[in-house]
1. At 0.36 nm per residue, minus the direct Cα-Cα distance, what do A:Val360 and A:Glu70 gain on full extension? Give it in nm, one decimal, please.
2. Let me confirm one metric for peptide B:344-351, namely the mean number of other chain beta-carbon atoms within 10 Å of its residues' beta-carbons.
3. What FRET efficiency do you get for B:Asp202 and B:Glu375 if R0 is 41 Å and r is their Cβ-Cβ distance, rounded to the nearest 0.05?
4. Can you pick out the pairs among A:Lys628/A:Lys685; A:Lys41/B:Lys165; A:Lys185/B:Lys294; A:Lys261/A:Lys313; A:Lys227/A:Lys276; A:Lys729/A:Lys812 whose Cα atoms lie more than 26 Å from each other?
5. Mean projection of the alpha-carbon convex hull of chain B over all orientations, in nm²?
6. Fewest Cβ neighbours within 10 Å first, please rank B:Asp187, A:Asp720, A:Asp824, A:Asp627 accordingly.
7. At a Förster distance of 41 Å, what's the computed FRET efficiency of A:Lys313 paired with A:Leu158, Cβ-Cβ distance as r, to 0.05?
8. Hey, fewest Cβ within 10 Å first, where do A:Val490, B:Val498, A:Val268, B:Val147 land in order?
Amino acid sequence: MNTVTLNINGCEVVAEKDLTILEVARRSDVTIPTLCHVEGKPSDTPCQMCVVEVEGRDELMRSCVTLAKEGMVVNTVSDRITAHRQERLGILAETHFGDCKAPCNLTCPGQINVQGYIAHVAKGQYEEALRLVMERNPMPFSVGRVCPRFCETRCRRLLVDEPVSINHLKRFVADWCMTHEIELKIPKDKPTGKRVAVIGGGPAGLTAAYFLTRRGHDVTIYEAAPKLGGALRYGFLEYRIPRDVLDYEINAILRLGISVKLSQKWGVDFTIQSLKDQGYDAIFIASGAGVDIPLNIKGCVNPHVYSGMNYLKKVAEGKKLDMGKRSAVLGGNNIAMEIARTLLRQGVEEVTVVYPQARVEMPAHQRNIREAGKEGTQFLLMASPVEICDAENEPTRLKLEVVRMKLGKPDDKGKRSPEPIPGSTTILQVDSIVSSLGQLAVSEHFEGGELEESIALSPRNMIVANPRSSQTNIDGVFAGGDAATGPKSVIQAVVSARRAVTNMHAYIMGVEKEPADNRFNFTRGKGFDDVSLKNFDDVKVTLREKMPTRPPEICRQDFDEVKLGFTEKMAIREAERCLSCGCTAFERCDLKKLSIDNKVNINKTGMGTTPIYGKDYSHPAFIVDRDKCVFCKRCERACEYDALTITADSLDEKGRPLGLGINFKENCVSCGACVDNCSTGALNKKAQIIPIQGEEIKDVRTTCPYCGAGCQMLLRVKGDTIIEVTSEKHLAPNYGALCVKGRLGHEFIQHKDRLRKPLIRKNGMLVETTWDEALEYTAKKFFDIKAMHGPDSIAGFSCARATNEENYLMQKFMRTSIGTNNIDHCARL
Amino acid sequence: MTNSIMDSRNTDLFLMIGSNPDTGHPTIGMRIHQAVKRGAKLIVVDPRKTRLAENADHWLRIIPGTDVAFLNGLMHIILEEDLWDKKFVEERTEDFDELVQVMKKYTPDYVSEITGLSTEQLFTVARMYAAQGRHAIYHGMGITHYVTGTDRVKSIANLAMLCGKVGVEGGGCNPLRGQNNVQGACDMGALFNNLPGYTALDNVDLFDRYEEVWQVKLPRTPGKPATEVWDNVLTGDIRGLYIFGEDPAVADPNIAHVQKALEKVDFLVVQDIFLTDTAKAADIVLPAACFAEKDGTFTNTERRVQRVRKAVNPPGQARPDWQIFCDLSHKMGYNMGYKSAEDVFEEIRSLLPQYKGIRYERLEEVGLQWPVPDEDHPGTPVLHTESFTRGKGLFIPEDYIPPVEQIDEEYPMYFTTGRDLARYNFSSMTGKTAELNAISPEAKAQINPADAERMHIYEGDWIRMTSRRGSVEMVATITDRSQEGTIFTTYNHIEALVNFLTLDALDRLSRTPEYKLCTIKVEKV
């Protein structure tokens, strides 16, 4: 008998003799985890992950060295095994030092793979960068212009010089793809046959429509205004988001195949009930927070007193408004800053923002406040409006009475609220006043039908949507964006809508919703103070690229865009400033995967806090990061050339290496097998700088295009870009082996020098032409030569690098269309 | 290859001649190193001290270009000492007597004088190879890139048949083919003297069949080989050129001659993925998809037909080559009408007996080695196990002919080239990966220390090498990897185009040029 029969996890398994339990399990599709296993080369410092219980044995057995025997009863899953793995993993985690995800990724409300798209920019892969952004954010043009940039506040580059200008890079890739007329080819799932109505065509509504459509649902947007865009169109004016850019962005989303109904007022032209009657499977309310909180002081009802959103909307619609020469803006939020800047552009000579607290207390982002200030907006701080009256016989139309404020006594929590200073009123002479005191989803309650009226609202008049399900109190009706969250940034509306789509999809399809990204994360330090400056020893100071900007004294005169965007060179330089904090082995890391599978809490076990070794860039193709090494030694044993050594001066009390060395020997052929076998991010390919974080990867098996060995390899494709090349162990003819060219030599595929269009020689120069002209001209010339000199006056060279099919067709073409045997290739060259 | 790459696991002895798979075919080189580690014997015949030479049981540092004499010398000893495989020769071969006749004069002393090897080396190697066991010969371009290339290949076959080492696992004659699909390009009949499937142009029956399938009258006179095209352009016999995926402006021997012809030709169409030097001379350039952007098959050196699969879209308006041929053919009034690469393959397998049993479906997991005569056939890992393609194996003994250029006073050094591990051809593809450039930043002229001392050349000196056809400047490096009297360099650097030096004399049968050897003079710059 050459087989043995054993029992694994209650199932009978027949296996070849003399195989280890690990190998038998692999062949029977039972996963036994391991960190250190290399087939046929057992480790001398075993990771002990692969332990199993064998009936009749008290101790846990390492499946990688225990042979499967007749009648054995093996158990691979038990609390005892998990506890053992947890202990082992905890020990490794204690000294593993690095970031799984970069702080920018973690800080972005949209959880966008920021490091990934920056890396794409650095590699000149702008289209892929944009596609990566659009995995999670369909509005890169707008967000790239108005985002508060949470990510940049956490950029570790701050500890060296200045943060990376992340948002400008996002805008750059979006704009680049627009100018180069790139068709992004966003993939869509198969149609589900389900229909969803989206109320509101602002950022949240458009985002929801985009993600719902990508999931195969049929979406209709109902928009009250005559154009889509919502707050992007009516809250930000041209100088922030040019209309042609906005239209392009919206059209790119609509091209996925989304129906739109414009000038449809909710409660007037349709109701929730009428939508339900039309058979929509779900309804998403994204009507925004467009209702201004009214100004409530004496004299506030006046034709020269406007409310914020209302005012901006009128300007956006092109209405002529007479705002006079001096204006006051009441309020300190972002909208107030937009209003102030818009007033200046309308010809108002003096704009004053009135706010009852200090500048730092203003809810607007400081960058917005700064920019308004640069253009000439003045600030009257620690002042609160009291009364408005018409001015008589004065150069201005209105008198605004304000009272000065001071900070009161601390309350229980130590917070000092402003209070009026008695008798400190002053008069501000203005021609018009615009108030921006915040926005609501609806002033009292929604109208139009019973369902509308029954929508539960929060005390601040926002729609109450369950944070876990995004559902309102009405079954099948969901809400998101500002209508549910109150006025927030565009990216936050995007995130809110994207989450709602996950929930809606689960609801419509009757499935469990996909789990959110696991929060397991090694970090070099959560706050800046926790990060060792030793991390940056080798980083040279390079200041960030300055965004080309029109001077404020000029740009306040018109509505043209203020910021002009990075050039390609600036974008690449800026992208190259990225410190690549996040691990480029994110997707393949076994330590992370096993820690998650075995529920290891690294916040409890602890993790490395400071780099002991630093990164080693001395190999021409690979980067060694010993601080991430768990001493599994797979690299050494996976090397077919015996060209790598991994050593330790000694081991600590828990068996971890001290004085760790990973060295390439002189006979290293740079084939990269060590990197592909690394169980963490300790070994990396220099060219593979894009962390893959849950994005879809297509593994395409193909044949190497270099020498005659015909090695089989896997092209790992994200979107339309080859991220890296790896191989499969069990396939002829190479059984996983690749050479340096096979694993690394594929940057040419998407190189900028590739020929993209047919060329024709005109006036001695090669110039671009159409396929039709090129082929037409070629055919004509071949005909002429044939007619004049006979078919044997034409010769063809075929290509030993091209496919069989193509070589067959080339010789067929020469023998049939031309009519000659003058066909050959470089077999003899 | 008569055998398979992984067959190296079964080999007891490797005779490597004119091949350095460590750089030319790295994953195959690795298998040989592993076999040696496990205990297989290794004999390396190479003027250069390669890594395999260093690991060999016997390294024979032969004078370049003398391989036929060497092989004949081995056969002389094997015949003389009666070590040959009588059963195999009797049952499987013909013209043995002729072999005996020609081998007579290749005595150890005579061969030793020609090859620079000692008679002991010849005796040892002859006895080792002829002994019992699974013995494989591997060879590469160091055998074929000579005007006597076919003589060498035949001599290798003679030796293997004489000792009965063909048709067995672990043995065989194993040419390592240079390009990924050079095997396939030959199989597909991209040859001036063969229709697909190696059908000679005098095979009238098959011609009829092709004319029936292709619905056209076919030309039956042989065409011109690629290497003769340039002369024909310069004489005005060839007026139009259609170059698909090759860059002869840098890759052919004696490129000054090629470049002259490219300037002269009336109409030049180039179909490629980059604007190569050849494309720059074209009247029309057609942008093609690369291997990762299209479907199809390659056939590797062990005759394994394997899938190529589309992973990404081609850039801009570039199209897969098969589609370009269909489009152009249509314009020429001949409708090919294929809708996919698989369509084309179906036609191929209907015409080529070797490919008959192969379908795309069967290639999903792993490729098949031709011949695959029917759809249930598992492929053929070892050729000639029962009989040879022509029936009996024919001994064709050849006499030794010296290389075309011999050193003389004016050109006192030999010059030879090989492939760099981290580069491929002229780097139009590999040169786009920064890491590969970092691994192999430049080509260096490798000079033996004795020569260097004689010529007062030091490490890092710039030298000019000049042949009868042109000259090239390069940095010198002093190493005993090069044989005394011979300068070696890699040919993959576009900055140092060695093909200004190389020789375009052609083999009388295959029309292969004598790339591997020419004579040069050397001066310091």
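Readers should treat all values here as calculations from the given coordinates under stated rules, not as data from a laboratory. It should be emphasised that the depicted structure is a prediction, and the values quoted were computed from it without experimental measurement. All Cβ positions, even for glycine, are placed from backbone atoms using ideal geometry, and neighbour counts span all protein chains on display.
1. Here the answer is 96.8 nm.
2. Taking all residues of B:344-351 together, the mean is 3.
3. After rounding to 0.05, the efficiency reads 0.85.
4. Beyond 26 Å between Cα atoms: A:Lys41/B:Lys165; A:Lys729/A:Lys812.
5. Averaged projected hull area, Cα only: 25.3 nm².
6. A:Asp720, A:Asp627, B:Asp187, A:Asp824
7. Given R0 = 41 Å and the Cβ-Cβ separation, E is 0.60.
8. The fewest-first ordering by Cβ neighbours comes to A:Val268, B:Val147, B:Val498, A:Val490.
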